[in-house]
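The structure under discussion appears below in the form of structure tokens.
The values are calculated or read from the model by the stated rules, or taken from the named source; none is laboratory data. Everything numeric here is computed off the predicted structure, so don't read it as measured data. Heads up, the Cβs are rebuilt from the backbone with ideal geometry, glycines too, and the neighbour counts pull from every protein chain shown. SASA here: full protein model, heavy atoms, side chains in, ligands and nucleic acids out. Shrake-Rupley method; radii C 1.70, N 1.55, O 1.52, S 1.80 Å.
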Amino acid sequence: PRVCVVGSGPAGFYTAQHILKHHGGALVDIYEKLPVPFGLVRFGVAPDHPEVKNVINTFTQTAHSERCAYYGNVTVGRDVTVPELQRAYHAVVLSYGAEDNRVLGIPGENLPGVYSARAFVGWYNGLPENRDLKPDLSCETALILGHGNVALDIARILLSPLQLLRKTDITDSSLAALACSKVKRVWLIGRRGPLQVAFTIKELREMINLPGARAVLDPADFTGLESAVKDAPRPRKRLTELMLRTALGKPVEMQAAAGAAAPREWGLKFQRSPQEVLPSADGRRAGGIRMALTRLEGSGDSAKAIPTGDVEELECGLVLSSIGYRSLPLDPAVPFDSQRGVIPNSSGRVEGVPGLYCSGWVKRGPTGVIITTMNDSFDTAQSVLEDLQGGLLDVSPSREGFGLVESILRSRGVRPVSFSDWEKIDAAEVARGKAAGKPREKIVDPAEMLQIIGH
């Protein structure tokens, strides 16, 4: 059987890995829009979290299997359609992730100085489409809307000492911009309370221990939480206790921990919902934000934030909206639930289209970490294997796989990039990084990537 996977992030690679491991004869081709593989492992994971990127080694092993092939620089839906892939393969798995962000839907969100977290992360991680973002870091106060790990990542990058960032694979141009940054205060705003934050304890601890930055948490936000959290699951309990200890930390201890007079600070603000981004005095850019104060109805993860009628305004010159990523439809031939931003499916089988599957964020929505995506992708791969075994996928007609796709791409003037081509780009990046004393210097222009491999 010939299987095709669209997208080379964790969802795509884990799906391919599971099929290859559990079916001795399957051939898997992975298609990717960019010349370079690995999706959010390369473009989403924070530069100062190199250990999280170790999964790339496993993905590289999969790509080196003689039954697996990688075709980068191919945009499915434009260069080749999903029906064309279905004619070439016995099964097609869509694992193309979430390439857009949710919008706030409030006045002023299009003012200069307002950015989506997705674009900002893409900028410092070298995602080609965000390489020209040029965020304005000339203000002292930045505001991040959202209480997830991505929000904490951004706060940490904005406040990290440069000598820490210089040793990472952060892009050269964003490092230069951060070196001139005037930002010294970062507020992270959430609509709900401390018991509903979505970040994990590891990220919070890292933020609390960030050299030269002081945590500012209001003890009043944590009143009565000790008893409320008694019966909470252990991770939630430990996370809340850490916030509580930080909020109540004696000034002397906190200062000793932060290094006498910390020049920078960050804090969490709760039960505030953005209503409007306010313009600066000259009206040319963001100058502040108006927030509705909220009260919570219900408890735990299902608590809803209801506006109380009171509002509050905060001055800031940089607003980063970290309220979630969003998947987009890929091809008119594929059903898509635009309300939920997912492909309707059951265990990864796309509803009403036999032989078509999905995995990862486009299957379940943009939540969870790499391990969540791994389990989710194994689940989809299992559905493919069951359908092969049960005869639901007709493998009697031989399918041409890449042979057919190649002639389609050639007729449209598209030249795919192979995995060994990627390894040449990789080697060039590592060599450039070595010269600068960092793990790699990412190439951010696809034209330059193609030039390196002589395309």
Sorted by mean Cβ packing within 10 Å, highest first, what order do the peptides 324-337, 4-17, 397-410 take? 4-17, 324-337, 397-410
Mind ranking 38-51, 382-395, 417-430 by how tightly packed they are, going by the mean number of other C-beta atoms within 10 angstrom, highest first? 38-51, 417-430, 382-395
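Mind putting a number on the dipole of the chain about its Cα centre? Charges go on the C-beta only, +1 for Lys and Arg and -1 for Asp and Glu, and I need it in Debye to the nearest 20.
780
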Restricted to the range 103-321, the DSSP antiparallel beta bridge percent, nearest 5, is 45
Over the Cα atoms of the chain, how large are the radius of gyration and the largest Cα-Cα distance (Dmax), in Å? 23.5, 75
DSSP-assigned coil residues among GluC sites (Glu not before Pro) in the range 53-102, each with at most 12 further Cβ atoms within 10 Å: Glu66
Express as a percent, rounded to the nearest 5, the fraction of DSSP beta bridges in the chain (both residues included) that run antiparallel. 40
So what are the ³J(HN,Hα) numbers for the range 90-107, from phi and the Karplus equation (6.51, -1.76, 1.60; θ = phi - 60°), rounded to whole Hz, Gly and Pro as x? 6, 9, 10, 10, 9, 9, 8, x, 10, 9, 9, 10, 6, 9, 6, x, 10, x
Sort the following peptides by mean Cβ neighbour count (other Cβ atoms within 10 Å, averaged over residues), highest first: 149-162, 290-303. 149-162, 290-303
Using alpha-carbon positions, what is the distance between the centroids of the range 109-162 and the range 227-251, in Å? 28
Modelled FRET efficiency - R0 60 Å, Asp218 with Thr75, Cβ distances, 0.05 increments: 0.80
Which of rounded, prolate or oblate describes the range 103-321 when judged by the alpha-carbon gyration tensor and an a/c cut-off of 1.5? oblate
Suppose a student asked you for the relative contact order of the chain, using Cα pairs under 8 Å spaced at least 6 residues apart; what percent would you report? 24
Going 7 Å from the Cα of Ala119 in the Cα-to-Cβ direction, what parts of the range 130-167 have a backbone nitrogen less than 12 Å from that spot? 130-136
Electrostatic dipole magnitude of the range 103-321 [Cβ: Lys, Arg +1; Asp, Glu -1; Cα centre; debye, to 20]: 520
How high is the relative contact order of the range 353-455? Use alpha-carbon pairs under 8 Å, at least six apart in sequence, and give a whole percent. 16
Leaving ligands, DNA and RNA out of it, report the carbon-plus-sulfur percent of the accessible area of the chain at a 1.4 Å probe. 51
Based on Cβ point charges of +1 for Lys and Arg and -1 for Asp and Glu, what charge dipole magnitude is obtained for the range 323-455 about its Cα centre, in debye rounded to the nearest 20? 460
At 222 nm, what helix-only mean residue ellipticity would the chain give, in deg cm²/dmol to the nearest 500, using -39500 (n - 2.57) for each DSSP H run of four or more? -10000 deg cm²/dmol
